[in-house]
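Q: Handing you this structure, nothing more for now.
The values are calculated or read from the model by the stated rules, or taken from the named source; none is laboratory data. On a predicted model such as this, the values are computed, not experimentally measured, just so you know. Every residue, glycine as well, gets a Cβ built from its backbone with ideal geometry; the counts of neighbours run over all protein chains shown. For accessibility, only protein heavy atoms count, side chains too; no ligands or nucleic acids. Shrake-Rupley method; radii C 1.70, N 1.55, O 1.52, S 1.80 Å.
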Amino acid sequence: ATFRDFGLGLAIGWAPCSASSAKAAVPAPTAPGETPAAPTGHAVLVGHGRVGSRIAEALTAAHVPLLVIEDDETNVEALKARGIAAIIGVAGEEATLEQLNLPAAKWLISAIPDPFEAGNLIERARKANPSIRVMARAHSDAEVAYLKGLGAELVVMGEDEIAQRIIKDVLPLG
């Protein structure tokens, strides 16, 4: 599956970039004790579970500069082994936020199921970078409204996407 297979290409303003520009945008891992350079022009992906891993795969294949925040150390180490910039931590914690360079990020993608943690991050990202494109996932209409109210432009509820895909197949246009 590719990024466009999920129908996300236009939704997040996808534009391909070369592998060399992606590598330049998200710095290479540093040695222990070194301070890594801040990424720029990148997507910040929060969570690398069932949803986030699919997003990460598509963005990486499209050479979109990517920085993943994940609270599972095993996932973080696996991402780093594949050459994907990853930070272990909770997205809303100050120590984690300082490593994201939100003022220079193009996208914030929250793939975590907790709307309150996502909402906290969205508010802080908006303050740090008013032009960042914010996307999130939700599990109810109330969560959609909550996250949009905090500044997310796109909030995807799985049930809506599943229903739309089935409807499209049953009621084809033309």
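Q: Given charges of +1 on the Cβ of Lys and Arg and -1 on the Cβ of Asp and Glu, with all other atoms neutral, how large is the dipole of region 44-148 about its Cα centre, in debye to the nearest 20?
A: 560
Q: Mind giving me the nanometre distance, one decimal, between the label points for residue 163 and residue 40, set 7 Å out from Cα along Cα→Cβ?
A: A separation of 4.4 nm, rounded to one decimal place.
Q: Compute log10 of I(q)/I(0) for region 49-174 with the Debye formula, placing one identical point scatterer on every Cα and leaving out solvent, at q = 0.11, 0.14, 0.21, 0.22 Å⁻¹, to two decimals.
A: -0.41, -0.65, -1.28, -1.37
Q: Would you pull out the residues with amide H under 5 Å of residue 138's amide H, same chain only if 5 or more places away, H placed 1.01 Å from N?
A: Here 156, 157, 158 satisfy the definition.
Q: Out of 91, 158, 103, whose Cα points farthest toward the positive end of the dipole of region 82-170 (charges: +1 Lys, Arg; -1 Asp, Glu; placed on Cβ)?
A: The residue sitting most towards the positive pole is 103.
Q: Roughly to the nearest percent, how much of the accessible area of region 42-174 is carbon and sulfur, given a 1.4 Å probe?
A: Of the solvent-accessible surface of region 42-174, carbon and sulfur hold 55 percent.
Q: Turning to a different aspect of this structure: Taking the Cα centre of region 125-174 as the origin, how large is its charge dipole in debye, to the nearest 20, when only Lys and Arg (+1) and Asp and Glu (-1) carry charge on their Cβ atoms?
A: 320
Q: A follow-up question, please. Which whole-Hz couplings ³J(HN,Hα) result when phi for each residue of region 71-79 is put into the Karplus expression 6.51 cos²θ - 1.76 cosθ + 1.60, θ = phi - 60°, listed in order with x for Gly and Pro?
A: 9, 9, 4, 4, 5, 4, 5, 5, 5
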